[in-house]
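Take a look at the following structure, please.
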Amino acid sequence: MMCKTLSASIHGVDVCTVEVEVNTRTSDDPEAPRIISIIGLPDAAIRESRDRIWSAMQLSGYYMPRGRVTVNLAPADLRKSGSAFDLPIALSLLATLKVFDKSELDDTM
């Protein structure tokens, strides 16, 4: 299932809109690994967000699905930095897991 929400990134003195797209492919196999891939020119802080998101979800009573989660930060040619993408990624992930209806993320940033 896929979910998309919006965020923003600072590029010089400009603010650019960034689409956060999360796609999950869950597996019923109890031995399947939990893999999260973040693509779209993320810096080290964004790549580390997977650990922060996993921890926050567990502390909130939710669990990462077994299988693959792909996070795309578009546009791909714009470098993204900082931890400000943690919340939109986590919310989109929860929406793909049907914790809430993904339409609640429409027109939000």
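Looking at the range 13-25, which of the residues that are among the hydrophobic types (A, V, I, L, M, F, W, C) and open to solvent by 60 Å² or more (accessible area, probe 1.4 Å) is farthest from D107 (Cα to Cα)?
V13
Right, something else. Can you find a residue in the range 60-67 that is surrounded by 13 or more Cβ atoms within 10 Å (Cβ to Cβ) and of a type in the set (K, R)? First the steps, then the outcome.
Within the range 60-67, the subset surrounded by 13 or more Cβ atoms within 10 Å (Cβ to Cβ) is 62, 64-67.
When the remaining residues are screened for being of a type in the set (K, R), the result is 66.
Yes, that holds for at least one residue.
While we're on this one: Which of the residues belonging to the range 74-100 are within 19 Å of Y62 (Cα to Cα) and aliphatic (A, V, I, L, M)?
Hits for the range 74-100 are L87, I89, A90, L91, L93, L94, A95, L97, V99.
Every residue in the range 26-51 that is within 15 Å of I89 (Cα to Cα) and open to solvent by 90 Å² or more (accessible area, probe 1.4 Å), please.
Selection gives R47, E48, D51.
Specify the residue that is nearest to the chain's Cα centre (by Cα); the eligible residues are those in the range 1-12 that are at pLDDT 90 or above and open to solvent by 30 Å² or more (accessible area, probe 1.4 Å).
K4
Can D86 be described as surrounded by fewer than 16 Cβ atoms within 10 Å (Cβ to Cβ) and not polar (S, T, N, Q)? Don't jump to the end; show me each part of the working.
On the way: surrounded by fewer than 16 Cβ atoms within 10 Å (Cβ to Cβ): no; not polar (S, T, N, Q): yes.
Here the answer is no, as D86 does not meet what is asked.
The values are calculated or read from the model by the stated rules, or taken from the named source; none is laboratory data. Note that the structure is a prediction, hence the values are computed from the model and not measured. Cβ: placed from backbone, ideal geometry, glycine included. Neighbour counts: every protein chain shown. We work out accessible area using only protein heavy atoms, side chains counted, and drop any ligands, DNA or RNA first. Shrake-Rupley method; radii C 1.70, N 1.55, O 1.52, S 1.80 Å.
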